[in-house]
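Structure first, commentary second.
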Protein chains: 2
Amino acid sequence: MAVVLYERLCADDRRPSPFCWRARLALAHKNVTHEIRAIRFGEAEKVAFSGQAKVPVLVDGQSVVHDSWAIACHLEDTYPDAPSLFGGAGGRALTRLVNHWVDHSLERALAPILIPYLLAVACPEDRAYYRQTREAKFGLTIEQMTTRRAVFLEALLPVLEPLRQRLTETSFLCGERPGYADYLVFADFQWARSVCDRDLLGPEEKVLRAWRSCMLDLFGGLARSVNAFETAA
Amino acid sequence: MAVVLYERLCADDRRPSPFCWRARLALAHKNVTHEIRAIRFGEAEKVAFSGQAKVPVLVDGQSVVHDSWAIACHLEDTYPDAPSLFGGAGGRALTRLVNHWVDHSLERALAPILIPYLLAVACPEDRAYYRQTREAKFGLTIEQMTTRRAVFLEALLPVLEPLRQRLTETSFLCGERPGYADYLVFADFQWARSVCDRDLLGPEEKVLRAWRSCMLDLFGGLARSVNAFETAA
């Protein structure tokens, strides 16, 4: 039966959602043929069948799965003969820890930098909703986030240090081949690239830039194939 | 042949080094009988045979291994029939990422809080060396660290969030049984407990406190068996 992934749509056909990129890359890793259905912030009713309002939502035959981690686990367990996303039980447990680090440390560092840019590429009819929910979540207006951008960019640098250290040792966070932990982190860089006309990584970030370039090349250049800013190529 | 672990000794027989606790707990996990030889900061010549000056150093038959990660990998590879520290190749790769996070995010958040306390329990003849090296590393005097303690304690809270999230899901970071990633993180709490007469975790930190208590109970209460402050029991 058909596999369908519902993901977030922004203006100019942009697809910035990092949570949806996690699912996209996991599907590609598992080599699962699928159809993409992209919906605006204001079209939550289109995934109401999943019992909640957010994307990504995966429909895989009779299974309806929401939440990016649940989708990754579904794919790992449903397609055991395809390459592993986690590399075993120990890998799954620690990938989940990395997931929480991305959600609570990396994303918290990136969000106040990226949200003002994302507002500019949100579909016009979604902007009021987007502004209201993000300002409430971070306790800052969009204008305050913009004013403090230099501070947030400076604060991002030490957050990236574990990634720099790891990527001096192996090609990917998961070793010599990429795994779901790589997709978790890369999805945030793809989010940045989808909305932001400046590169968050300076020219001195050779290790992170080389890894990001490899991630963009994966699966026939999947992540390069969407509308994004070329600054972070 | 005999297995010997060289570790750091402080006043009153305290053993605060988190790097040495990683090795101690990994040896216990692998059920490797060993002897401990504790040396002061000023006794680096006692591990000069390892080609460098730091502890931990593991002597396992003909093998001399320094650096806590190299020791963990040595134990995993030399004792494959004992319980795994990493849980497979995927687990090993991501444990290394957690190792870098502990070294560069968690330890950076803890160090300016703990260093003034550690100075007080360093062996008297080591204090000048300890003060000089730590002040140079962090660009702050011991007195400045003490003055800013409340700021550093506040900044620690968001760093711990990925751990809180993960430990609401499973008993240990590595799942239902502890693994080396647990030892990496716990070693920093053991460092705190060994030198600091206040608990870094407030009473509201139920999840982290429960995990820490389980970690203290492991291996017949190994981490409880040393001289430490009872505040963080």
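Bear in mind these aren't lab numbers, they're just calculated from the coordinates by the rules spelled out. Note that the coordinates shown come from a computational prediction; the quantities given were computed from them, not determined experimentally. Note that each Cβ is placed from the backbone with ideal geometry, even for glycine, and that neighbours are counted across all protein chains shown.
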Legend entry - Rounded if a/c under 1.5, otherwise prolate or oblate - region B:1-150, Cα gyration tensor axes: oblate
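Report the rotationally averaged projected area of the protein assembly as shown based on its alpha-carbon convex hull, in square nanometres. All intermediate terms of the calculation are to be shown ahead of the outcome.
Numbers: hull surface 93.8 nm².
One quarter of the hull surface, i.e. the mean projection, equals 23.5 nm².
Placing +1 at every Lys and Arg Cβ and -1 at every Asp and Glu Cβ, with all other atoms neutral, what dipole size does chain A have around its Cα centre, in debye to the nearest 20? The partial results should precede the final answer.
Values: 28 positive and 29 negative charges, 51 e Å.
In total the dipole reaches around 240 debye.
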Legend entry - Non-local Lys pairs in the protein assembly as shown, i.e. 8 or more apart or on different chains, that have alpha carbons under 29 Å apart: 12
Inset, instruction - Name the residue farthest towards the positive end of the dipole of chain B from the options B:Ser213, B:Gln190, B:Ala28, assuming +1 on Cβ of Lys and Arg, -1 on Cβ of Asp and Glu, about the Cα centre. - result: B:Gln190
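I want the local charge near B:Met215. Using Cβ-Cβ distances under 13 Å, sum +1 for each Lys or Arg and -1 for each Asp or Glu among the other residues.
Here the count lands on +4.
Report the far tail of the P(r) of region A:39-98, meaning the percent of Cα-Cα pairs longer than 15 Å. Before the final figure, lay out the partial values.
Working: 983 of 1770 pairs.
Across region A:39-98, Cα pairs with separations above 15 Å total 56 percent.
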Inset, instruction - Springs between alpha-carbon atoms under 10 Å, Gaussian network over chain A: tell me which of A:Ala38, A:Ala93, A:Ala122 tops the mean-square fluctuations. - result: A:Ala93
Inset, instruction - Assign unit charges at the C-beta atoms only (+1 for Lys and Arg, -1 for Asp and Glu), then state the dipole size of the protein assembly as shown relative to its Cα centre in Debye, rounded to the nearest 20. - result: 460
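Considering Cα pairs under 8 angstrom that are at least six residues apart, work out the relative contact order of chain B and quote it in whole percent.
Details: 305 pairs, mean separation 54.9, N = 233.
Relative CO of chain B lands at 24 percent.
For region B:7-46, rounded, prolate or oblate, judged on the Cα gyration tensor with a ≥ b ≥ c (square roots of eigenvalues), a/c < 1.5 rounded, else prolate if a/b > b/c? Please list the in-between numbers first.
On the way: a/c = 2.31, a/b = 1.84, b/c = 1.25.
Verdict is prolate for region B:7-46.
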Inset, instruction - Have a look at the DSSP beta bridges in the protein assembly as shown and tell me what percent are antiparallel, nearest 5. - result: 65
Legend entry - Value at 222 nm in deg cm²/dmol, rounded to 500, when DSSP H runs of n ≥ 4 in chain B each add -39,500 (n - 2.57): -16000 deg cm²/dmol
Inset, instruction - Quick one: check the C-alpha center-to-center distance for region A:183-233 versus region B:135-198, whole angstrom. - result: 32
Legend entry - region B:59-112 versus region A:13-65: alpha-carbon centroid distance in Å: 37
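Report Rg(Cα)/(2.2 N^0.38 Å) for region A:89-232, keeping two decimals. The partial results should precede the final answer.
Numbers: Rg = 15.7 Å, N = 144, 2.2 N^0.38 = 14.5 Å.
Normalised by 2.2 N^0.38 Å, the Cα Rg of region A:89-232 equals 1.08.
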Inset, instruction - Report, in debye and to the nearest 20, how large the dipole of region A:3-78 comes out about its Cα centre when Lys and Arg carry +1 and Asp and Glu carry -1 on their Cβ. - result: 200
Legend entry - Distance between modelled label sites at A:Thr147 and A:Ala120, nm, 7 Å Cα→Cβ extension: 1.9
Inset, instruction - Taking amide H positions as placed in the peptide plane 1.01 Å from N, state which residues far from B:Arg37 in sequence (5 or more) or on other chains have amide H under 5 Å from it. - result: B:Leu5, B:Tyr6, B:Glu7
Inset, instruction - Restricting to region A:3-78, compute how many DSSP beta bridges are antiparallel as a %, nearest 5. - result: 60
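Counting only other residues whose beta carbon sits under 10 Å from that of B:Lys46, what net charge do I get with K and R as +1, D and E as -1? If you can, show how the numbers build up before the last one.
Working: positive: B:Arg37, B:Arg40; negative: B:Glu43, B:Glu45.
Result for the neighbourhood of B:Lys46: 0.
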Legend entry - Nearest-first distances (nm) between copies at A:Ala2, label 7 Å from Cα via Cβ: 7.3
Inset, instruction - Count charges around B:Arg8 for me, please; just the other residues with Cβ under 13 Å from its Cβ, Lys/Arg as +1, Asp/Glu as -1. - result: +4
Legend entry - Ratio of the Cα radius of gyration of region A:1-87 to 2.2 N^0.38 Å, where N counts its residues: 1.04
